[in-house]
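The values are calculated or read from the model by the stated rules, or taken from the named source; none is laboratory data. Being a predicted model, the structure only gives us computed values, none of them experimental. Glycine also receives a Cβ, built like all others from the backbone with ideal geometry; neighbour counts cover every protein chain displayed.
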Amino acid sequence: MTLEERKQEVIEDFSLYEEWLDKYEYLIELGKALEPFPEEKKTEDRLIKGCQSRVWLDAELRDGRLYFQADSDAIITKGIISLLVSVYSGRTPEEIAADDFGFVAQIGLRENLSPTRANGLVSMIETIKEIAANA
Amino acid sequence: MSVSEIRAQFPILGTQVYGKPLVYLDNAASAQRPAAVVDTWKRLVEAENANIHRAVHKLAADATEAYENTRECVRAFIGASSAKEIVFTSGATAAVNLVAFSFGEAFMHEGDEIIVSVAEHHSNIVPWQMLCERKKAVLKVLDIDENGVLQPEALRKLISQRTKIAAICHISNVLGLVNDVREMVRICHESGVPVLVDGAQGIVHEKVDVQDLDCDFYVFSGHKLYAATGTGVLYGKQKWLEQMPPYMGGGEMIGTVRFSGTTYAPLPAKFEAGTQNFNSVPTLVPAISFADACRKDPAVQQEQDAILDYVYGKLTEDERITLYGVPRGTKVPLFSFAVKGAHHEDLALLMDKMGIALRSGQMCAEPLMDRLGVTGLLRASFGPYNTLEEAEYFVKCLDRAIGMLV
């Protein structure tokens, strides 16, 4: 699946839910289903600044593609980061660096989250972009 | 006054968020303003806007009168002996900073000690740390007991011959317990140590008489007491304020200014440099009148007690929940708690979508969070316009949110 196709899929998934509580329930499910993050990787340098909850992001470059792994101590944040990982993991650094991350606004995540959470989301996106730019 | 009559004075309480009625339970962060406060605010800008204390024209005289009448109103509200002891600041934070700087300049030397409690807001910690850095002084920390209570006897043990001042909250913004500041002041005074009381929460929930407490300084913010933002009060005993140098230099705080030397204005102008917040300070008058009316009204007190009993009961009987600041006897309707297996931020986000405004996180009290062994908490703080029905809705929504997460 291309990056564009995957983004469209996420937008469609989210359009199934009208109520924001239902969207949160979906994010909670995603968060719970996220593959376990190794405890030893929960280090200060993998911590994303600017979130009320703690978020760790790890990236690995294999055969020219970036693979992300992430975790958070808050489950909705974990759902959001899981969503980002599912969209951007396995893409080339060039693809990620060129992307505008507009789908996040399209599914209403940005404006429907509290300011502190929205800042956390922005920090997550910035970190992913930075990793791609430096890869 | 019935609670519905009170609510009618707060148009914002009738608003909806995400299509649900707003349930505002973040009063400890900032209270809402009654119509009388908003009307005063508007009148000051529209009809009485002129810089105070300076000009001879009518508008300036009116603005000055409104400002100085507020000082007298605040004096009476907290039982100070003179209006000279009331200094207007931008808030409690500015008031603590003023004392930490000016008292420090006058009285602190290398090796001297300051006592603060572990339950303080950052505003009542960081200014003292900055003073310690400036003067090479030492900060001593008064601990809470296992229930969140500051024990006066523990304070006694911390006092040494080098202790120059103690800074203690009347009510912690996290624990919601009324500290026995009167007894703590008495103990400190036995050793000649003055006490600053952070009354940011205390002024909202308690009848404050600074002469009865005998505290040396008492600080609070206007916006938590239904007044305009950017207003605040420093009460200081005249004997201390007289001996303290000004905090800021500028207009209005001077006697005469010459390049050969400047003299300072008498109290309280000495501590009010520059143009003051004259458009907002007089909103303290209707705000205090509202707070006072609520305090004296049996119907309001009954509803507050009912909320306190109900929420306290529900939070303490639920095994999934840990309430911090436990003793019922000194509790005000301000509840900070953790839920097993659910992050405070997740709970706050879900309950926001149910229309409930809560605070989550460290609440500007990181040392207390460390002490309690948590990364943050969820807080519900009630005001006089909150109803028992809202408290019940809060408990129901909390249960639903926990169910979604755990």
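I need the full set of residues from region B:66-101 which are of a type in the set (Asp, Glu) and either modelled with pLDDT under 95 or under 20 Å from B:Val195 (Cβ atoms) (or both), in order please.
Looking only at region B:66-101, we keep the residues that are of a type in the set (Asp, Glu), and these are B:68, B:72, B:85.
Result: B:Glu85, single match.
Among what's in region A:1-35 and is within 15 Å of the chain's Cα centre (by Cα) and assigned to a loop (DSSP other than H, G, I, E, B), pick the residue that is modelled with the lowest pLDDT.
Filtering first and then ranking leaves A:Glu35.
Considering only residues that are under 28 Å from A:Thr92 (Cβ atoms) and surrounded by 14 or more Cβ atoms within 10 Å (Cβ to Cβ), look in region A:12-40 and name the one that is farthest from the other protein chains (Cβ to nearest Cβ).
Ranking the qualifying residues of region A:12-40, first place goes to A:Asp13.
For (1) in contact (Cβ under 8 Å) with a residue 60 or more places away in the chain; (2) over 18 Å from B:Ala119 (Cβ atoms), each residue gets a yes or a no:
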| position | (1), (2) |
| --- | --- |
| B:Ala338 | no, no |
| B:Leu349 | no, yes |
| B:Arg371 | yes, no |
| B:Arg379 | yes, no |
| B:Phe382 | yes, yes |
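Among residues belonging to region B:340-355 that are more than 18 Å from A:Glu29 (Cα to Cα) and more than 7 Å from chain A (Cβ to nearest Cβ), point out the one that is farthest from the chain's Cα centre (by Cα). It would help to see each step written out before you state the result.
We begin by selecting, within region B:340-355, every residue more than 18 Å from A:Glu29 (Cα to Cα); these are B:340, B:352, B:354-355.
From what's left, more than 7 Å from chain A (Cβ to nearest Cβ): B:340, B:354-355.
Values: B:Lys340: 30, B:Met354: 28, B:Gly355: 26 Å.
Checked region B:340-355; the qualifying residue farthest from the chain's Cα centre (by Cα) is B:Lys340.
Just to check your reading of the model, which residue among B:Ala76, B:Ala47, B:Ala80 is surrounded by fewer than 15 Cβ atoms within 10 Å (Cβ to Cβ), under 22 Å from the mean Cα position of the chain (by Cα) and either of a type outside the set (S, T, N, Q) or more than 30 Å from B:Gly14 (Cα to Cα) (or both)?
The unique qualifying residue is B:Ala76.
What pairs come out if I take residues in region B:278-289 that are crowded, with 24+ Cβ neighbours inside 10 Å and pair them with residues that are part of a helix (DSSP H, G or I) and small (Gly, Ala, Ser) whose C-beta lies under 7 Å away, six or more apart or interchain?
Within 7 Å, the pairs are B:Pro282/B:Ala66.
Find the helices (runs of 4 or more DSSP H) located wholly in region B:172-276 whose residues include 1 or more that are within 29 Å of B:Phe290 (Cα to Cα) and touching a residue at least 60 places away in the same chain (Cβ under 8 Å), and list them. First the steps, then the outcome.
Values: elements: B:181-190, B:202-205, B:210-213, B:238-243.
Correct list: B:202-205, B:210-213, B:238-243.
Looking only at region B:92-118, filter to residues that are among the acidic types (Asp, Glu) and not in a strand (DSSP E or B); which one of those is surrounded by the most Cβ atoms within 10 Å (Cβ to Cβ)? First the steps, then the outcome.
As a first pass, look at region B:92-118 and keep what is among the acidic types (Asp, Glu): B:105, B:110, B:112-113.
Now restrict to residues that are not in a strand (DSSP E or B): B:105, B:110, B:112.
Numbers: B:Glu105: 15, B:Glu110: 8, B:Asp112: 20.
Top of the filtered list is B:Asp112.
Report the residue count in region A:66-111 for those that are within 14 Å of chain B (Cβ to nearest Cβ), free of Cβ contacts under 8 Å to residues at least 40 places away in the same chain and among the small types (Gly, Ala, Ser).
Of the residues in region A:66-111, 1 are within 14 Å of chain B (Cβ to nearest Cβ), free of Cβ contacts under 8 Å to residues at least 40 places away in the same chain and among the small types (Gly, Ala, Ser).
Is it the case that A:Phe101 is buried (at least 16 other Cβ atoms within 10 Å of the Cβ) and closer than 27 Å to B:Asp352 by Cα? Even if it seems obvious, please write down each step before you answer.
On the way: buried (at least 16 other Cβ atoms within 10 Å of the Cβ): yes; closer than 27 Å to B:Asp352 by Cα: yes.
Considered against the rule, which asks whether it is buried (at least 16 other Cβ atoms within 10 Å of the Cβ) and closer than 27 Å to B:Asp352 by Cα, A:Phe101 comes out as yes.
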